[in-house]
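Comments concern the structure below.
The values are calculated or read from the model by the stated rules, or taken from the named source; none is laboratory data. Not measured: the values here are computed from a predicted model. Here Cβ is always computed from backbone atoms with ideal geometry, including for glycine, and neighbour counts include all displayed protein chains.
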């Protein structure tokens, strides 16, 4: 981030405070000339804290330059009045802090925390009134949120189904095709209780709306008309809590040894992923992959080498599978892959690539190169059943792969091909 300040005292205190509090690298510039130099040198900056008046830029030239570069700005200045504040806020800065205010340094550090949180937060804005949606879009983007907009509830649900990574939904209470209560119910049913936070806004004197929405599982309710500071603070608090929840889920979802997803996460997230595929009219597939003769390897070389092999296989699988599909360690030497919209033919080809890649690789343990092969059972998912049924089908095919000699894939497709030959 950038710190643009000509006061040595403020610059020293702020740089230390920001780097200590947020663990970010702070580049200090004491003039507009220095600022343009570091930006034009190719540095990438998402936030700038800057004074309005610099020795070579007494009339907000530094602010104009920062905004022209698409960098979020927090103004930290000693010369300020109400007219200046209105002018500065109209330029889409995050906020302004006056140097003479008590705890001004703490305020700047808090605003930077807000900006860094918001820039990582993806918001789905849902409002059927164009003018209202445009106003809210401007407010959210001014606070550096990444915003996608929808005019109807059905459109929003489709974006949530096909997209990934929405942290917040901000919706008007009354949409053209459904109420916020219906939208909330669908989101909770499809995506779980805390995958995404849902905030409703309403221009109504009936306070029962707020109570009803929160009781239905909503995260926050904001009454219109609202103060700008109230809106920004409420949205940020929800975003901040959501990020912390996601961080905790991220820790709980990881396998302790291989750092890929664990069995618990596979069973939690897998059914929703299947429902989304089927809702889009797509068939998909699920695979169980097993390291061949892993018990023999453990008995021969010891568990430390076995753990090394598990880590190496998981690392290679993660590189090959990527983020599009769901990969997890199911337990022991078994891994699960839930494909996102691949039919059995496409998934079979994908698994064959995995099998061949793992077979040609070597894993070095105790100065010895080990060759690893895998057996894979692959099942098709064409209709909505219990998730255990899909996994049991893949497990049956895996058993057949082992029985037939290992280092192979067995699926409905491979059986049909074998029968035809």
Practice task
Inspect the stretch 297-309 for any residue being part of a helix (DSSP H, G or I), at pLDDT 90 or above and within 17 Å of the chain's Cα centre (by Cα) and give the result as yes or no.
Solution key: no
Exercise for the section: Say whether the condition of being in contact (Cβ under 8 Å) with a residue 40 or more places away in the chain, within 22 Å of residue 263 (Cβ to Cβ) and in the same structural domain as residue 303 (by TED's automatic domain parsing) is met by at least one residue in the stretch 358-370. Expected result: yes
Problem - Residue list for the stretch 121-156, restricted to those being in contact (Cβ under 8 Å) with a residue 40 or more places away in the chain, buried (at least 19 other Cβ atoms within 10 Å of the Cβ) and part of a strand (DSSP E or B) - result: 123, 124, 125, 126
Completion exercise
Reported set for the stretch 330-346 where residues are part of a helix (DSSP H, G or I) and in contact with a helix residue (DSSP H, G or I) (Cβ under 9 Å, 6 or more places away or on another chain) is 344, 345
Practice task
Could you check, for the stretch 227-243, whether at least one of its residues is assigned by TED's automatic domain parsing to the domain that holds residue 136 and assigned to a loop (DSSP other than H, G, I, E, B)?
Solution key: yes
Problem - Residues of the stretch 14-72 that turn out to be under 31 Å from the mean Cα position of the chain (by Cα), farther than 18 Å from residue 96 by Cβ and part of a loop (DSSP other than H, G, I, E, B), as a count - result: 12
Practice task
Name, by its number, the condition in (1) in a helix (DSSP H, G or I); (2) closer than 19 Å to residue 28 by Cα; (3) at pLDDT below 90 that does not hold for residue 118.
Solution key: (2)
Handout entry: Search result, residues across the stretch 185-204 that are outside any helix (DSSP H, G or I) and touching a strand residue (DSSP E or B) at 6+ places or on another chain (Cβ under 9 Å)
Key = 196, 197, 198, 199, 200, 201, 202, 203, 204
Completion exercise
Among the residues of the stretch 300-316, the number that are buried (at least 19 other Cβ atoms within 10 Å of the Cβ) and in contact with a strand residue (DSSP E or B) (Cβ under 7 Å, 6 or more places away or on another chain) is 4
Problem - Filtered residues of the stretch 369-412 (kept if in contact with a helix residue (DSSP H, G or I) (Cβ under 8 Å, 6 or more places away or on another chain), assigned to a strand (DSSP E or B) and more than 17 Å from residue 343 (Cα to Cα)) - result: 370, 371, 374, 375
Completion exercise
Quick count over the stretch 317-329, residues being under 13 Å from residue 347 (Cβ atoms), in contact with a strand residue (DSSP E or B) (Cβ under 8 Å, 6 or more places away or on another chain) and outside any strand (DSSP E or B), is 2
